[in-house]
Every structure is written in C-alpha cells, then in structure tokens.
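Reading through the structure tokens given below for one structure.
The values are calculated or read from the model by the stated rules, or taken from the named source; none is laboratory data. Nothing here was measured: the structure is a model prediction, and the numbers come from that model. Here Cβ is always computed from backbone atoms with ideal geometry, including for glycine, and neighbour counts include all displayed protein chains. Surface accessibility is based on the protein's heavy atoms, side chains included, excluding ligands, DNA and RNA. Shrake-Rupley method; radii C 1.70, N 1.55, O 1.52, S 1.80 Å.
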Amino acid sequence: MSQPATPTAADAPHPVLAEVVRCGFVEGRHRGSLVLLAPDGSVELALGDVHSPVLPRSANKPMQAAGVLHTGVRLAGERLALAAGSHSGEAFHRDLVRTMLDEAGLSPAHLRCPTALPLDQQEQEAYLAAGERRDRVAMNCSGKHAAMLAAAAHRHWPLESYLDPDHPLQRLVRTAVEEAAGEPVAAVGTDGCGAPLLAIGLTGLARAYRRFVLAAPGTPERRVADAMRAHPEYVAGTRRHDTLLMRAIPGALSKVGAEAVQALALPDGRALALKIDDGGSRALGPVIARALRLMGVSAPATDRVGRVPVLGGGREVGEVRAVF
C-alpha cells in the first residue's frame, strides 16, 4: 500500500488575507496569495505562494487583446478597451459588440461564447423587465470574442475554430501571455467563455501588467493599456471597481478575473496580483484597498472599493476587512 505524501512547505495553508466580521464576531476567513512589485520590478511583498501557477481567468484579457493586435487587425479606443474587458452587459456594451462584428462583416451568430444575462445586477433586472433573454452578446466576454473573430477574419483564418488552442490566433495569444509574464504557460484549460485559459504565477501576472504600463507608446501592449485607462467603463461597467480604480488613480491599469483574481499596475511600474483561494469575490475590495495603501496609494477610490459591509436585517452589522 502506498504511503501518503509527506507535506511540504508548499502544502501549508495560505495566509488569511481577509476576515468576515458580524456583530464583532469573526464568522469567516478568506485565505489567499498576494504579490506586490516595486517600481524596478523586484518583489516588495509576497504573501502565500506567488510563484506556482494559477488560472488568472479574465485578468489575462489584456494579454489576449495584445495577441489579437499582433494579427494587424485595427482596434482602438472603446473597441480595444471592450476587447480587453469583462463588460457588465449594459446597453452601450451590447451595442458596441454588435458594431464590432458588423464592421468585420460578421454577426452575433459567429460568437462561440455561451449565452448569458448581463453581469451587472441592476442591468440584468432592467434587461429581463424589457423582455430580453439570455444572449451571446450580453455575455461579459463577448467583446473579447468579437475582437478575436475580427482578427481571424482579417487574416482569413478559420472562424469556426477560433477558440481552438492550436488556432493561429490562439498561438499568438499564448506568445503574448508568455512574453508579458516572463514565464512559460504552465497549463492550458478552458475558460468560462470557452476560450483557452492559460495558467501563470501571480508574480508573472503582476509582471505582465507592469510591462503593459511601461511599454513604449504604439506597441500592442501600450495600446491595450492606454485604451483600457482611457475607457474604463468599457473594460467593466458604470458600477464596477475596475472602472472606479482606473478613473480615480492616475495611470492605473486594473482588471479583475473570476474566482477572485485581481491584477493592477501603476504608471511608475509598481504592480500587484492576488488570488483569494476560495474564489470569494467579497474579499477582493478590502484586500485590494489594503494592498494599494501599502503601495502608498491613498484615494477616495480605495476607501470605496475597500468598504464591504456585512448586513443583518437590512442594516450594517459588520464588515469584510483585510488583515495583513
């Protein structure tokens, strides 16, 4: 009979990054890993395991958008921000997705992302009240898919298989991710939208965002960063924390990923990346706000993002708070 593996340091639980406090009682804890990079790119703070691969989910989208630009397709402004974003499904998001497809001679029928309702709860309620149904255009990744389709059409590559990891477009995307992160992709999976999902470490993810904000003007990386920062409402939506952070902190590049992943870079090269182990997105705001304060960033946005009340009977009885 085989013996159980001996635990190693890598098997140790990650540190608690946030607590859920109700009426003065700690009722929950969120563990995770976090890395902060100094302006020169060195690791200034590391909590938990910041080198083993994680699935960044939509935090990879800026690199995916850079890969799209390497095809030579013309994307800029709001279109490029939407390509790198996880939109809320608001009307202006859906309208631009349709416009992008039309400009490429395509239609929503070409999209291979799943049907969905708008990501934003308020928008979802209005959408359903208007009699709308689940739709591919409403899915939060439809901007990325529209851009990928436009790039494939531009290069006369197959459209039906644009999500195949061996498709020439996806090979360009993989190269863009690896070059930005400074490390090889450790594993390839399938994201919730159906696109290839490329695993890298948190330190590599932070390096990628740092590279984007420091890239020379006119490069694909800088074009993506500039479009996202100029049009943050197309990256996220009118009520999302990525939008709030990029509007309030000059030069900040911010992108969330599903399962509680976040990456952010400042224009001087400081950067952060984090992952909450249990995927609890309620911990993201307080952890991001605390990390930014450690980086010397103080803005009303950090207070707003960091405030996550715990309710009881409709009134505030506690909070989710960072504990590092």
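Considering segment 128-144, and only residues there that are part of a helix (DSSP H, G or I) and touching a Gly at 6+ places or on another chain (Cβ under 8 Å), the residue that is surrounded by the fewest Cβ atoms within 10 Å (Cβ to Cβ) turns out to be 144.
So that you can scan it fast, the table gives a plain yes or no per residue for (1) in contact with a helix residue (DSSP H, G or I) (Cβ under 9 Å, 6 or more places away or on another chain); (2) among the basic types (Lys, Arg); (3) modelled with pLDDT of 95 or more:
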| residue | (1), (2), (3) |
| --- | --- |
| 2 | no, no, no |
| 31 | no, yes, yes |
| 51 | yes, no, yes |
| 54 | yes, no, yes |
| 60 | yes, no, yes |
| 63 | yes, no, yes |
| 83 | yes, no, yes |
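Determine, yes or no, whether residue 208 is of a type in the set (A, V, I, L, M), touching a residue at least 60 places away in the same chain (Cβ under 8 Å) and either touching a Pro at 6+ places or on another chain (Cβ under 9 Å) or over 17 Å from residue 81 (Cβ atoms) (or both). Against the criterion (of a type in the set (A, V, I, L, M), touching a residue at least 60 places away in the same chain (Cβ under 8 Å) and either touching a Pro at 6+ places or on another chain (Cβ under 9 Å) or over 17 Å from residue 81 (Cβ atoms) (or both)), residue 208 qualifies. One residue is enough: does segment 187-204 have a residue meeting the conditions in contact (Cβ under 8 Å) with a residue 40 or more places away in the chain, out of contact with any strand residue (DSSP E or B) (no Cβ under 7 Å at 6 or more places or on another chain) and of a type in the set (Ser, Thr, Tyr)? Among the residues of segment 187-204, not one is in contact (Cβ under 8 Å) with a residue 40 or more places away in the chain, out of contact with any strand residue (DSSP E or B) (no Cβ under 7 Å at 6 or more places or on another chain) and of a type in the set (Ser, Thr, Tyr), which makes the answer no. Just one of the listed residues (242, 277, 226) is of a type in the set (D, E, K, R) and closer than 23 Å to residue 123 by Cα, namely 242.
On the basis of being over 18 Å from residue 261 (Cβ atoms) and out of contact with any Gly (no Cβ under 6 Å at 6 or more places or on another chain), does residue 62 make the cut? So residue 62 fails the test. If the condition is being in a strand (DSSP E or B) and hydroxyl-bearing (Ser, Thr, Tyr), then segment 10-61 contributes only 33.
Mind listing just one residue for me: the one in segment 23-72 that is in contact with a His (Cβ under 8 Å, 6 or more places away or on another chain) and open to solvent by 10 Å² or more (accessible area, probe 1.4 Å) and, of those, nearest to residue 318 (Cα to Cα)? Filtering segment 23-72 for residues that are in contact with a His (Cβ under 8 Å, 6 or more places away or on another chain) and open to solvent by 10 Å² or more (accessible area, probe 1.4 Å), the one nearest to residue 318 (Cα to Cα) comes out as 31.
Every residue, every condition in (1) of a type in the set (S, T, N, Q); (2) assigned to a strand (DSSP E or B); (3) more than 29 Å from residue 160 (Cβ to Cβ), yes or no:
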position	(1), (2), (3)
88	yes, no, no
97	no, no, no
105	no, no, no
109	no, no, no
112	no, no, no
122	yes, no, yes
126	no, no, yes
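Looking at segment 215-236, can you tell me whether even one residue there is part of a strand (DSSP E or B) and open to solvent by 10 Å² or more (accessible area, probe 1.4 Å)? Looking for residues that are part of a strand (DSSP E or B) and open to solvent by 10 Å² or more (accessible area, probe 1.4 Å), one finds none in segment 215-236, hence no.
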